[in-house]
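The values are calculated or read from the model by the stated rules, or taken from the named source; none is laboratory data. All figures in this text were calculated on a predicted structure; none of them were measured in a lab. Here the Cβ is made from the backbone with ideal geometry for all residues, glycine too, and neighbour counts use every protein chain on show. What goes into the accessible areas is simple: the full protein's heavy atoms, side chains included, and nothing from ligands, DNA or RNA. Shrake-Rupley method; radii C 1.70, N 1.55, O 1.52, S 1.80 Å.
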2 protein chains.
Amino acid sequence: MEKPYYAVIFTSERTEGDHGYDEMAKQMIELASQQPGFLGVDSVRNERGVGITVSYWDSLEDIEQWKAHAAHQIAQEKGKQQWYERYSVRVCKVEREYGFEK
Amino acid sequence: MEKPYYAVIFTSERTEGDHGYDEMAKQMIELASQQPGFLGVDSVRNERGVGITVSYWDSLEDIEQWKAHAAHQIAQEKGKQQWYERYSVRVCKVEREYGFEK
């Protein structure tokens, strides 16, 4: 990805049971990927319900717009009511990156 | 955590088999937590071997020092030789954060 760009780190712990979560999570990733400035997403959840999702964006404005998106707002509200025990959101500027591939 | 601070996002895919990985991963998290400037860590891997670890640090210098730590260097080398199919490291400045807890 071309710098400068931004990462949103979403760490969370799920409540018990699905309550429509899996379907909504899929929809949100699909919808996010259609937004202006979306660059990509990495998402992992383990068997104990602890998850980290990192999405990558062109600008802070793109991140704000996605946060304010109507369908995403509904998902955020359901997240607090039903799906999450706790979560943290950190909005970050990517300063440098490197990688490895076999 | 008090701003400004930094996050290192490590996304990876493991190779098949353990090859001493679990023990070394535990040791590295314990060792990292003893380094100057270490603020915390979130780490998740799923059943398909895809993982995200985010560590939090006071400064870019602290991150550099941890990267250069002798025991960590050995782990990084074994990581490339044996443990990882691929990985990405992104060093980020945390611009803002918020959270939710039930």
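General remarks:
- Under 23 Å, Cα to Cα: Lys pairs in chain B, sequence gap 8 or more or different chains: 8
- Note: relative contact order over chain B, using C-alpha pairs below 8 Å and six or more positions apart, is 47 percent.
- Radius of gyration over Kirkwood radius for the protein assembly as shown, both on Cα atoms: the Rg/Rh ratio is 0.96.
- Each other residue within a Cβ distance under 12 Å of B:GLY79 adds +1 if Lys or Arg and -1 if Asp or Glu, for a net charge of +2.
- Given charges at beta-carbon only (K, R positive; D, E negative), |dipole| of chain B in Debye: 240 debye
- The mean number of Cβ atoms from other chains found within 10 Å of a Cβ in peptide A:82-95 is 6, as a whole number.
- Summed buried accessible area for B+A [probe radius 1.4 Å, Å², rounded to 100]: 3600 Å²
- Residue of B:GLY37, B:GLY51, B:GLY20 that the Gaussian network model of chain B assigns the largest fluctuation, springs spanning Cα pairs under 10 Å: B:GLY20
- Share of alpha-carbon pairs per 5 Å distance bin for region B:7-94, given as whole %: 3, 14, 25, 29, 18, 9, 2
- For region B:1-33, a decrease in accessible area of 40 Å² or greater in the assembled protein chains relative to the isolated chain, with a 1.4 Å probe, applies to B:ILE9.
- Whole-Hz couplings from phi, Karplus 6.51/-1.76/1.60, listed for region B:63-79; x for Gly and Pro: 5, 4, 5, 5, 4, 8, 4, 4, 5, 5, 4, 4, 4, 4, 5, 5, x
- Neighbour-limited loop hits for GluC sites (Glu not before Pro), region A:1-57 (at most 11 other Cβ within 10 Å; DSSP other than H, G, I, E, B): A:GLU2, A:GLU16, A:GLU47
- The mean number of partner chain beta-carbon atoms within 10 angstrom of a residue's beta-carbon across peptide A:43-55 is 4.
- Portion, in percent, of the accessible area of region A:7-94 that falls on carbon or sulfur, probe 1.4 Å: 48 percent
- Cleavage-rule hits, trypsin sites (Lys or Arg not before Pro), region B:19-50, DSSP coil, Cβ neighbours within 10 Å at most 14: B:ARG48
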